[in-house]
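Peer 1: If you scroll down you'll find the structure; I have some questions about it.
The values are calculated or read from the model by the stated rules, or taken from the named source; none is laboratory data. Just so it is clear, the model here is predicted, and its values are computed rather than measured. We place every Cβ from the backbone using ideal geometry, glycine too, and count neighbours over all the protein chains shown.
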Amino acid sequence: MVIPRAPWWRDAVMYQVYLRSFRDGNGDGVGDLRGARSGLSYLAALGVDGVWLSPCFPSPQYDHGYDVADYRAIDPLFGDLDEFDRLVDDAHRLGLKVLVDVVPNHCSAQHPWFQEALRSARGSAARNRFHFADGRGHNGELPPNNWRAMFGGPAWTRVREPDGRPGQWYLHLFTPHQPDLDWRNPEVGEHFDDVLRFWLDRGVDGFRIDVAVGLYKHPGLPDSPDPNADEAARDAVNPLAWNQPEVHGVWRRWRALCDSYAAVDGAERVLVGEVAVPTPADQALYLRPDELHQAFYFDLLHAPWDADAFALRIDAALRDIASTGAPVTWVLNNHDQQRSVTRYSRSLGLGDIPDLDRGAARARAAALMMLALPGSAYLYQGEELGLPEVTGLPRHVLTDPIVTATGDPQRGRDGCRVPLPWSGTQAPFGFSGAAGADTWLPQPDWFASYSVESRRRDGGSSWHLYREALQLRRSLAPLRDPELRWLAGPPETIVFTRGNGFLCAVNFSNSPVAAPAPGQPVLSSTPCDEGKLAANSAAWWLLDREPVRLGSGTAPGPARE
C-alpha cells in the first residue's frame with residue numbers, strides 16, 4: 001500500500017537556530033543573520049526540513065531577545081530586514097522552511113507602549129495594555145498579590161509616578177524587564193494580528209510561540225492558592241496566571257489568519273506553541289483542528305534514562321495528543337535545558353558519578369528513537385554534534401537573567417548556549433570569521449573535537465548518525481505510517497514497529513540484550529554484534545517477515561501486543 005505524504009509540518013524535522021550562538025557573520029563575537037545564512041547549506045546537507053530562528057527583533061537583550069522592544073524590525077546586533085529577507089530566500093531555495101519566534105505574553109520595558117504607560121496616569125489607556133494595579137498595605141507598599149516570577153522573586157515591580165511618588169505596581173511573570181501584556185485589551189490582539197501579517201508578508205512559513213499557555217490572567221488577579229507561592233523561586237505553574245480558557249480564542253484567531261494565507265497560495269503556515277501544561281491531555285486542547293498545528297512535547301526532555309519512563313510518556317502522547325488528529329512534536333533539547341549528553345551522563349540512584357561517554361551513547365540512542373516516532377521533531381543546534389553542556393563557566397561571564405534573579409549559577413541556561421564550534425583547533429573555532437575573536441560566551445578548548453569539521457570527518461560520529469537517520473526517515477515508506485505498535489522485549493528495553501516492516505528497539509540497560517529482529521540493523525546508534533543490541537543504544541531494522549516476539553520478558557510501561 002502506498003501511503004501518501006502528509007502536509008510538510010506533520011512529520012517535519014526542524015532545527016532550532018539560537019541566533020546569537022549559531023554563527024557570527026560580522027566578527028563581533030555574536031551570531032547574526034549573515035552567519036545563519038552561511039550555515040543554511042550545512043543544515044540542508046544534514047537533512048532537516050527547516051529552521052526555527054530565535055528572536056531577532058530590536059531588544060535591550062536582557063533576556064537575549066525574549067524582551068522585545070519592536071516586533072516589526074530587526075535588531076542591528078543581528079542585521080537588518082534586507083538580511084532577513086535574503087535568509088528566507090536562501091532557505092527556500094535550499095528547500096528549508098523558516099519559522100520565527102514571536103513573544104506575545106510580554107514585551108520589553110523599553111517597548112514604546114510601556115514607556116508611554118510609565119509616563120501616563122493610573123487608569124489611562126496606555127496602562128490598560130498591561131497589568132497595572134494598586135498595591136496592598138497602608139500606603140500601597142505591598143505587591144497586589146502573592147504571585148512569583150518564574151525566574152525568581154516577586155512577579156510585581158512598583159513604579160514611580162510621573163510626579164516622582166511611589167505608585168502602582170506592574171505584573172511581570174519573568175523579569176521586571178519584561179512586563180506582561182493584558183490580552184483582555186483588544187488593542188493587544190489587534191497589534192499582534194499586524195505583527196503576524198508583517199512577517200507572513202515577508203515569506204516566513206510560520207511561528208514558534210513563546211509562552212503559549214500565558215497571555216490571559218485570572219480576572220481580578222487574586223492570590224495564588226499554590227502552597228509554594230511565597231517561596232523565593234517557584235517551579236510550580238501558577239494556575240491563575242497560565243492556561244486560562246480564553247487563550248484558546250487567540251490560537252483560533254491566529255490559525256484563521258495563517259489559513260487565510262494558505263487559501264491564497266496553498267502553502268500552510270504553521271503555529272508551534274511552547275505549551276508547558278501538566279498532562280498530555282491538557283496539551284491536546286491546544287491542538288484541536290482550529291488551533292495550533294503543533295506544540296512541543298517536553299515530557300521526553302524531562303524523562304530520566306529509564307525504559308518505563310520513556311514508554312509511559314510516549315504512550316500518553318500518542319493516546320492523548322495524536323487523538324486530536326495533530327502530530328506529537330518531540331524534543332530532547334532546547335535553549336532552556338541542559339544538553340542531553342550531560343543529562344544522561346548520570347544514572348538513577350544516589351552517588352552516581354557522571355560519565356560523559358555513557359551520556360553520549362544514551363543521547364545518540366534517544367535521538368534515534370525520537371526520529372523513529374510518528375510525528376514531528378525539533379533538534380537544538382549542536383545536538384547533532386553530540387555537544388555536552390559547558391559547565392564551570394566563570395561567574396562573571398554568565399548572562400542568564402535567572403542567575404541574576406536567583407544568585408544561583410546552577411540554575412542558569414548559559415551552558416547550552418555557548419557558541420557552536422565549526423572548525424579549527426582554537427577558539428573561536430570558526431564561529432567568527434575574525435581569528436582569535438572573543439565570543440559572547442567563552443568556548444572551552446575541548447570544543448575542537450566537537451567541531452562541525454571534526455564530526456563530519458569522523459564517519460562514526462553523531463553527525464553522521466543524525467544525517468543517516470534523517471535520510472532514512474524521509475525515504476522509508478513505513479515511517480510515513482502514523483501508527484505505532486508496541487512489541488514485547490527484554491527488561492529495560494522498548495520495542496515498536498511502524499508501518500509494514502520497520503522496527504525500532506532501545507536498550508536502556510548497561511549490558512547488551514538479545515536483538516528483537518534477525519540480521520544486522522539498517523542503522524544503530526552504537527555498533528551491534530550479530531543477534532545483540534548494545535548497551536545504552538537504539539537500532540532500526542527493516543523486516544521481510546513478522547517481527548520476533550521475544551519471550552524473555554515484557555516491555556516496560558503499558559501493556560504491549
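Peer 1: Among the candidates 306, 320, single out the residue that is acidic (Asp, Glu) and in contact with a helix residue (DSSP H, G or I) (Cβ under 9 Å, 6 or more places away or on another chain).
Peer 2: Details: 306 fails: in contact with a helix residue (DSSP H, G or I) (Cβ under 9 Å, 6 or more places away or on another chain).
Just one listed residue meets the conditions, 320.
Peer 1: Can residue 264 be described as β-branched (Val, Ile, Thr) and over 25 Å from residue 335 (Cβ atoms)?
Peer 2: Working: β-branched (Val, Ile, Thr): yes; over 25 Å from residue 335 (Cβ atoms): yes.
Criteria met by residue 264.
Peer 1: Quick one: which of 257, 287 is crowded, with 16+ Cβ neighbours inside 10 Å and under 22 Å from residue 201 (Cβ atoms)?
Peer 2: On the way: 287 fails: under 22 Å from residue 201 (Cβ atoms).
Of 257, 287, the one residue that is crowded, with 16+ Cβ neighbours inside 10 Å and under 22 Å from residue 201 (Cβ atoms) is 257.
Peer 1: Among the small types (Gly, Ala, Ser), on the phi > 0 side of the Ramachandran plot and touching a Pro at 6+ places or on another chain (Cβ under 8 Å): is that true of residue 65 in this structure? Walk me through how you get there before you give the answer.
Peer 2: Working: among the small types (Gly, Ala, Ser): yes; on the phi > 0 side of the Ramachandran plot: yes; touching a Pro at 6+ places or on another chain (Cβ under 8 Å): yes.
The answer is yes for residue 65.
Peer 1: Any chance the range 85-105 includes a residue that's more than 30 Å from residue 266 (Cβ to Cβ), in contact with a helix residue (DSSP H, G or I) (Cβ under 9 Å, 6 or more places away or on another chain) and either surrounded by fewer than 18 Cβ atoms within 10 Å (Cβ to Cβ) or modelled with pLDDT under 95 (or both)?
Peer 2: Checking the range 85-105: not a single residue is more than 30 Å from residue 266 (Cβ to Cβ), in contact with a helix residue (DSSP H, G or I) (Cβ under 9 Å, 6 or more places away or on another chain) and either surrounded by fewer than 18 Cβ atoms within 10 Å (Cβ to Cβ) or modelled with pLDDT under 95 (or both).
Peer 1: Starting from residues that are part of a loop (DSSP other than H, G, I, E, B), more than 25 Å from residue 317 (Cα to Cα) and at pLDDT 90 or above, keep the ones in the range 531-561 and report whichever is farthest from the chain's Cα centre (by Cα).
Peer 2: The selected residue is 531.
Peer 1: From the list 28, 24, exactly one residue is closer than 22 Å to residue 442 by Cβ and surrounded by fewer than 20 Cβ atoms within 10 Å (Cβ to Cβ). Which is it? Before the answer, list the steps.
Peer 2: Values: 24 fails: surrounded by fewer than 20 Cβ atoms within 10 Å (Cβ to Cβ).
Every option except 28 fails the conditions.
Peer 1: Another question, then. What are the residues in the range 380-395 that are part of a loop (DSSP other than H, G, I, E, B) and not hydroxyl-bearing (Ser, Thr, Tyr), if any?
Peer 2: Across the range 380-395, the qualifying residues are 381, 382, 386, 387, 388, 389, 390, 392, 393, 394.
Peer 1: Could you give me the residue pairs with C-beta distances under 9 Å whose first residue belongs to the range 47-63 and is touching a residue at least 12 places away in the same chain (Cβ under 8 Å) and within 10 Å of residue 19 (Cβ to Cβ), whose second residue is part of a loop (DSSP other than H, G, I, E, B) and among the acidic types (Asp, Glu) wherever it lies, and which are 6+ apart or on separate chains?
Peer 2: Listed pairs, sorted by first residue: 55/67; 55/75; 55/210; 56/32; 56/75.
Peer 1: How about the range 6-124: which helices (runs of 4 or more DSSP H) wholly inside it have at least 3 residues that are under 30 Å from residue 479 (Cα atoms)?
Peer 2: Because the criterion is at least 3 residues that are under 30 Å from residue 479 (Cα atoms), the helices (runs of 4 or more DSSP H) in the range 6-124 that meet it are 40-46, 81-93.
Peer 1: If residue 434 meets every condition in (1) without any contact (Cβ under 8 Å) to a residue 40 or more places away in the chain; (2) small (Gly, Ala, Ser); (3) farther than 29 Å from residue 177 by Cβ; (4) assigned to a loop (DSSP other than H, G, I, E, B) apart from one, which number is that one?
Peer 2: Here residue 434 clears every test but (1).
Peer 1: Pick from 123, 140, 135, 152: which is within 21 Å of residue 220 (Cβ to Cβ), within 37 Å of the chain's Cα centre (by Cα) and either in contact (Cβ under 8 Å) with a residue 24 or more places away in the chain or surrounded by fewer than 15 Cβ atoms within 10 Å (Cβ to Cβ) (or both)?
Peer 2: None of the others qualify; the one that does is 135.
Peer 1: Can you find a residue in the range 470-477 that is crowded, with 20+ Cβ neighbours inside 10 Å and not basic (Lys, Arg)?
Peer 2: no
Peer 1: If only one of 377, 363 is touching a residue at least 12 places away in the same chain (Cβ under 8 Å) and part of a strand (DSSP E or B), which one is it?
Peer 2: On the way: 363 fails: part of a strand (DSSP E or B).
The match here is 377.
Peer 1: Within the range 300-312, which residues are surrounded by fewer than 20 Cβ atoms within 10 Å (Cβ to Cβ) and not aliphatic (A, V, I, L, M)?
Peer 2: Answer for the range 300-312, where residues must be surrounded by fewer than 20 Cβ atoms within 10 Å (Cβ to Cβ) and not aliphatic (A, V, I, L, M): 302, 304, 306, 308.
Peer 1: With the structure loaded, tell me whether residue 440 is among the aromatic types (Phe, Trp, Tyr) and crowded, with 17+ Cβ neighbours inside 10 Å or whether it fails that test.
Peer 2: When the stated conditions are applied, residue 440 passes them.
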